[in-house]
Each structure stands twice: as structure tokens, then as C-alpha cells.
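S.K.: Encoded as C-alpha cells, here's the structure I'll be asking about.
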Amino acid sequence: MGFIDPADRIKKLPPYLFKELDRQRDEVAARGVDIIDLGVGDPDLPTPGHIIAAGQKAMADARHHRYPTYSGMETFRDTAAEWVGQRFGVTVERDQVVTLIGSKEGVAHFPLAFVNPGDMVLAASPAYPVFATNAMFCGGEVHTVPLLARHGFLPDLEAIPPEVARRAKIFYVNYPNNPTGAVADLDFFTRLVEFCRRFEIILMHDAAYTEIFLEDFVPPSVLQADGAMDLAIEFHSLSKTYNMTGWRLGFAVGQADLVGALGQVKSNIDSGAFEAVQMAGIEALTADQAPVAELRQIYRRRRDVLVAGLRDLGLAVEPPRATFYVWAPVPEGYSSAQFAAHVLAESGVVCTPGNGFGAPGEGFVRFALCVPESRLEEAVARLGKIRL
Ligand SMILES: *Cc1c(COP(=O)(O)O)cnc(C)c1O
């Protein structure tokens with residue numbers, strides 16, 4: 001029907017880059033090949049039992065069956081504030097925390113609170129595309145800040161034209177980084193906050209992977225940087241830390257007006273996270289954190305298996321210090337998509353072409369470590385037989 005015509009914002013969405021790869025995967029699978037999917041960044045391990053038990057108990061309690069409060073339960077927000085205090089050594093009050101239905105929800109809604117049509121936003125790339133897409137939905141103009149290997153996949157702040165910086169309303173970054181696995185230290189965050197202060201830019205930090213660190217380096221919060229509390233909002237997620245992607249729980253924390261405006265947007269869109277899920281979240285954040293340490297061990301072993309295998313193949317792979325992604329440069333003569341297609345056809349291993357995370361990701365593929373170690377060993381054995 002002619003009148004069923006999507007809005008321009010939908011029509012302007014970039015083409016789904018993985019469509020062709022999905023088709024190829026289905027074709028290979030149809031030939032009877034056992035597919036090893038290292039494409040999807042979704043933890044394969046279950047939520048720890050004590051968290052499930054807390055959620056089950058809360059679910060049976062009729063007090064949690066009614067609409068939640070918009071900005072989240074006071075007890076969950078207090079717990080989140082306390083966790084941020086203990087983990088990062090920064091003091092935040094309850095009104096500086098809003099509960100999210102997964103951090104994606106907050107990252108997606110934040111532009112609605114601050115982006116007017118024609119406003120410029122800075123988005124680091126390659127990246128999780130949610131922020132840039134939603135800034136565009138708001139009529140924002142997205143200026144891509146490329147993350148390059150020679151800068152450790154950190155934005156080169158000096159390379160951002162001052163006239164662009166002066167126009168910019170928001171700067172979106174994410175460390176530890178999906179897809180590159182790069183980490184940022186407090187020194188970088190301090191320079192980033194200074195940059196945002198100088199050019200009067202709101203800083204949005206997506207902190208979904210701060211707990212998934214694989215070395216001694218413990219990722220900081222951007223809120224630890226001097227002056228961050230005046231201009232920054234940070235998005236935390238329980239998804240990766242506690243294998244809770246399906247539960248949908250996260251929180252935003254930072255400068256009170258930024259958090260408050262996000263809460264105002266949300267109160268006009270959703271009705272908050274299920275309280276039983278928030279109760280499970282309180283358990284996750286307050287109980288003994290040994291399961292997280294165990295999870296890091298598991299990802300560390302998986303990383304070491306895959307990195308060794310990719311290096312044997314001749315790829316110049318750096319082991320990531322955090323996240324569960326391995327970001328690998330493709331061999332000479334291949335584009336990202338060509339290499340991902342070749343790997344799939346020759347081995348049944350699925351990886352993600354880097355340009356799917358933005359043009360600066362061209363020349364790389366991303367492997368996710370969300371399968372058991374034995375499957376990664378099988379993947380490595382098959383990769384070893386690929387003709388390049
Ligand atoms: C997985 C991920 C999230 C977390 O999303 P949730 O909505 O909390 O499940 C956020 N940002 C990045 C970069 C991610 O990779």
C-alpha cells in the first residue's frame with residue numbers, strides 16, 4: 001500500500017551490512033557444515049545462580065507486579081551509586097543515577113534529550129551504532145571521529161577540526177571498546193574531559209565492558225577524571241558482567257541534569273525496568289564478585305586460544321586487554337567483507353566485517369569469544385587450514 005511509507009529517518013538508515021554474510025552463513029549451514037559463530041557478542045554462559053534466585057524470589061512478590069517508578073527503584077539506584085563509589089572511588093547521589101532497561105535503551109534515548117535538528121554530535125567509530133543512529137533520528141549531524149590502530153584506537157583529539165568541536169553538542173565514546181577491544185586510561189579520560197570542557201560538549205561514555213578486563217589493567221570510569229562530574233554521563237550495564245543480556249538492566253550515572261533529562265525522556269516513553277529484575281540487579285552488584293573474576297579467567301583463556309590461532313595464520317593480532325572481542329587486521333588483498341566471507345566458506349567460522357561498525361573499521365574483522373573454549377580450539381584448527 002502506497003501510504004505505508006516509512007519515515008525518512010528509516011529510509012536514511014544505512015543498509016544492513018551483514019545481510020550478505022547472513023545469506024552466506026545460511027548457505028554454508030545448508031550444506032551441512034557445522035557453523036562456529038564468533039559473530040555475535042552475547043555471553044553464552046548462564047546468569048549466576050544467586051542472581052537468578054533473587055530474581056525468582058522478587059518475581060513471586062506481588063509488590064513487584066505493578067508499574068515500576070520511572071527512574072528506577074530507590075534501592076537499586078542507591079546500590080548502583082554505592083557500587084560506582086566502591087569500584088571507581090567517585091561519590092554520586094541517588095539523583096545522579098537512573099535505572100535503564102539495558103544500557104542500549106539509555107544510549108538510544110539520550111540524544112532525544114539533547115539533540116536538536118542540525119546539531120552536531122561527535123561519534124567515535126568503529127562503534128556500537130546505537131548512539132549515532134539515534135542522534136541521526138533526532139536530526140543530528142554525525143561527525144565521525146575515527147579510531148585508528150596507530151593511536152591505540154583512541155580518538156586523536158588534536159585531529160578534530162576546532163570548528164567542528166565548537167559546533168558539537170555530544171561526544172560519544174566507549175571504553176573498553178567494542179569492537180576493537182582497546183582500553184582507555186585515566187590520563188586519556190582527563191584529556192577528553194578537558195577537550196569537552198574547552199568546547200562545551202556533553203560527554204557520553206558507554207562503560208558496558210569496564211568489568212570484562214583480561215589483564216592487570218583495571219579500566220577506569222570517565223567520572224574519575226577531574227571535572228567529569230560537570231559534563232559527563234556514563235552508561236553501565238549488567239549484561240556483560242553478569243551474563244544478563246536477556247534480563248535488560250543497566251543504569252546511567254553522572255552529572256545530575258544530564259541524568260535527569262534522560263529520565264524525563266524515558267518517563268514519556270517507557271515505564272521503567274521490571275522491579276524483580278532490579279532486585280536481581282541489587283543481588284548481582286552487592287554479592288561476592290567471585291563469579292566475575294571467574295568469568296574473566298574464562299574469557300582470558302578463550303582469548304589466548306584464538307589469538308594464538310590467528311597469529312599462526314599470519315594475522316598481526318594484538319591480544320585485547322579487555323572485552324570479549326578480538327579485532328584482527330585482514331590479510332593483504334582482502335576487504336573486511338571478502339575476508340569474512342572467505343573464512344566462512346573455508347572453515348564455517350563466522351566473524352564480523354569491521355566496516356559493519358563504521359567505515360574506519362574497514363580492514364579488520366571482529367571475533368567474539370562467546371563460545372566454549374573447545375569450540376574455539378576447533379575454530380582455530382579449521383582456521384589453520386585456510387588458504388590465504
Ligand atoms: C553489549 C553492549 C552494551 C550493552 O547493552 P545492554 O543494553 O546493556 O544489554 C552497550 N554498549 C556496548 C558498546 C555494547 O557492546
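None of the figures in this text is laboratory data; all of them are computed from the coordinates on show. Remember, predicted model here, so these are calculated numbers, not experimental data. Glycine also receives a Cβ, built like all others from the backbone with ideal geometry; neighbour counts cover every protein chain displayed.
S.K.: Given R₀ = 35 Å, what would the calculated FRET efficiency be for residue 194 paired with residue 264, taking r from the Cβ atoms and rounding to 0.05?
M.R.: Between residue 194 and residue 264 the formula returns 0.75.
S.K.: Can you give me the orientation-averaged projected area of the convex hull built on the Cα atoms of the range 252-323, in nm²?
M.R.: 8.1
S.K.: Based on the Cβ-Cβ distance of residue 216 and residue 52, what FRET efficiency does E = 1/(1 + (r/R0)^6) give at R0 = 35 Å, to the nearest 0.05?
M.R.: Step by step, r from the Cβ atoms, then E = 0.70.
S.K.: If you don't mind, another one. Just the number, please: Stokes-Einstein D of the range 1-149 in µm²/s, Kirkwood Rh from C-alpha pairs, 37 °C, 0.692 mPa s.
M.R.: Reported coefficient: 163 µm²/s.
S.K.: Relative contact order, percent, of the range 93-229 when contacts are C-alpha pairs under 8 Å separated by at least 6 residues?
M.R.: Answer for the range 93-229 is 21 percent.
S.K.: Pairs of lysines 8 or more apart, or on different chains, with alpha carbons under 30 Å: count those in the chain, would you?
M.R.: 19
S.K.: Sticking with this one: As a footprinting exposure proxy, order 189, 171 by other Cβ within 10 Å, with the fewest listed first.
M.R.: Sorted ascending by nearby Cβ count, the order is 189, 171.
S.K.: Still on this structure, please answer the following. If I model a spin label at residue 3 and residue 332 as a point 7 Å from the Cα along the Cα→Cβ vector, what separation in nanometres do I get?
M.R.: The answer from the label model is 6.1 nm.
S.K.: Looking at the chain only, what percent of DSSP beta bridges run antiparallel? Nearest 5 please.
M.R.: Antiparallel: roughly 45 percent of the beta bridges in the chain.
S.K.: Under the Kirkwood approximation for Rh and a Cα-based Rg, what ratio Rg/Rh is obtained for the range 49-286?
M.R.: Rg divided by Rh gives 0.97.
S.K.: Something else now. Quote to one decimal, in nm, the extra length available between residue 22 and residue 387 on full extension: 0.36 nm per residue of separation minus the C-alpha distance between them.
M.R.: That pair, residue 22 and residue 387, stretches by 129.2 nm at full extension.
S.K.: Quick one: length gained pulling residue 287 to residue 359 fully straight, 0.36 nm per residue minus the C-alpha distance?
M.R.: Result for the pair: 21.8 nm of gain on full extension.
S.K.: Please give the length that would be gained between residue 301 and residue 13 if that part of the chain were fully extended, namely 0.36 nm times their separation in residues minus their C-alpha to C-alpha distance (nm, one decimal).
M.R.: 99.9 nm
S.K.: As a check on your grasp of the helix formula, calculate [θ] at 222 nm for the chain: sum -39500 (n - 2.57) over DSSP H runs of n ≥ 4, divide by the residue count, round to the nearest 500.
M.R.: About -12000 deg cm²/dmol.
S.K.: Could you state the principal axis extents of the C-alpha atoms in the range 171-238, from the largest down, to the nearest angstrom?
M.R.: Largest to smallest, the principal-axis extents are 34, 21, 19 Å.
S.K.: Cβ neighbours within 10 Å, averaged per peptide: list 1-7, 335-341, 49-55 in order, most packed at the top.
M.R.: My ranking of the peptides, most packed first, is 335-341, 49-55, 1-7.
S.K.: Taking amide H positions as placed 1.01 Å from N in the peptide plane, with prolines and chain starts having none, which residues 5 or more places from residue 365, or on another chain, fall under 5 Å of its amide H?
M.R.: Answer set, sorted by chain and number: 328, 330, 354.
S.K.: For a quick check: with amide H placed at 1.01 Å from N, whose amide H comes under 5 Å from residue 102's, ignoring anything fewer than 5 positions away on the same chain?
M.R.: 249, 250
S.K.: Hey, can you grab everything whose amide H is under 5 Å from the amide H of residue 71? Only 5+ residues off in sequence or another chain; H modelled, so Pro and N-termini drop out.
M.R.: Amide H neighbours of residue 71, under 5 Å, 5+ apart: none.
S.K.: In a Debye calculation with equal point scatterers on the alpha-carbon sites of the range 123-233 and no solvent, what is log10 I(q)/I(0) at q = 0.13, 0.19, 0.21, 0.24 Å⁻¹?
M.R.: Rounded to two decimals, the profile gives -0.45, -1.00, -1.24, -1.60.
S.K.: I've got another one for you. Could you order peptides 20-27, 57-64, 325-332, 352-359 by the average number of other Cβ atoms within 10 Å of their residues, highest first?
M.R.: Sorting 20-27, 57-64, 325-332, 352-359 by mean packing, highest first, produces 352-359, 325-332, 20-27, 57-64.
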